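The structure under discussion appears below in the form of structure tokens.
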Amino acid sequence: MKGVPYVVTVTILALAFTLASAYDPSPLQDFCVAINNTDSAVFVNGKFCKDPATVTASDFFFPGLNILGNTATSKLGSTVNLVNVDKLPGLNTLGISLARLDFAPYGLNPPHIHPRGTELLVVMEGTLLVGFVTSNPNELLTKVLNKGDVFVFPIGLIHFQFNIGQTNAVAFAGLSSQNPGLITIANAVFGSNPPINPDVLAKAFQLDKNVVDYLQKQF
């Protein structure tokens, strides 16, 4: 009978470990509201799966990342060509996507976050100043990257890339989600639809309300 408490303890620990190992699937979009009537359901967490019997090699193929992005039409001097599950159906459930980033001289990929993905960036041409800001106390971690350098931006943290060179720059980024999402900070704060109440922004940023009105008009 002396061994009974030991067996009970091991059993409880085993059950606790099993429960602790359980987890909800990671979200693949901003939200997925539950619905009882499945006849009117439209979305799942991700994409519906194609019948394997009808799958072809084209489902796993995307051309064109060799093409230079048109930075001339961008106010910020940068373009991003994201290959996610919407462009490459074979990525569904695989937890990965890829992007090409092009920068004109002094072009900027402005501060933004990916709510569902960590980003791993490699510079192919040029020189980039990159960085991210931690959660409180908001420490900035920044680095100058040259050709062949790699930098990682943790999931959900504000980050940016800025071409500090006088020539074009090119980088590629892998992201740990088939749909990592994108929230550009300035666009979200000053360009939301409908707009955030200017009094809220004036107090949050300690700005004159006229300045907030001006910034909202820019977006």
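A few remarks follow.
- Accessible surface of the chain [probe 1.4 Å, protein heavy atoms]: carbon and sulfur percent: 64 percent
- Degrees separating the helix 3-21 axis from the principal Cα axis of the chain, which is the longest one: 30 degrees
- Short to long, the 5 Å bins of the Cα pair-distance histogram for the range 106-173 hold 4, 19, 29, 25, 15, 6, 2, 0 percent of all pairs.
- Residue-normalised accessible area of the range 166-219, given per residue in Å² at a 1.4 Å probe: 62 Å²
- Label zone at LEU82 (point 7 Å along Cα-to-Cβ), backbone N below 12 Å, the range 136-163: none
- FRET efficiency for the PHE205 to GLN29 pair, using the beta carbon distance and R₀ = 41 Å, is estimated at 0.90.
- Candidates SER176, SER97, SER192, ranked by Gaussian network fluctuation over the chain, Cα under 10 Å, top entry: SER192
- Computed from the alpha carbon positions, the gyration tensor of the range 34-167 leads to an equivalent ellipsoid with semi-axes of 33, 21, 13 Å, biggest first.
- Normalising the average separation of contacting C-alpha pairs (under 8 angstrom, six or more residues apart) by the number of residues puts the relative contact order of the chain at 19 percent.
- With coordinates expressed along the principal axes, the C-alpha atoms belonging to the range 62-123 extend over 36, 26, 19 Å, beginning with the largest.
- Other residues lying with their Cβ under 15 Å from the Cβ of LYS217 contribute a combined charge of 0, Lys and Arg counting +1, Asp and Glu -1.
- Relative contact order [Cα under 8 Å, 6+ residues apart], the range 100-219, whole percent: 34 percent
- Candidate lysines for bridging to LYS147, where Cα separation is under 28 Å - those fewer than 8 sequence places away on the same chain excluded: LYS75, LYS87
- Binning all Cα-Cα separations of the range 140-219 at 5 Å, short to long from zero, yields these whole-percent fractions: 3, 11, 18, 15, 14, 15, 13, 9, 2, 0.
The values are calculated or read from the model by the stated rules, or taken from the named source; none is laboratory data. From a predicted model like this one, the values you see are computed outputs, not experimental measurements. Every residue, glycine among them, receives a Cβ derived from its backbone with ideal geometry; neighbour counts consider all protein chains shown. Ligands, DNA and RNA are stripped out before the accessible areas are found, and what is left, the full protein with its side chains, is counted by its heavy atoms. Shrake-Rupley method; radii C 1.70, N 1.55, O 1.52, S 1.80 Å.
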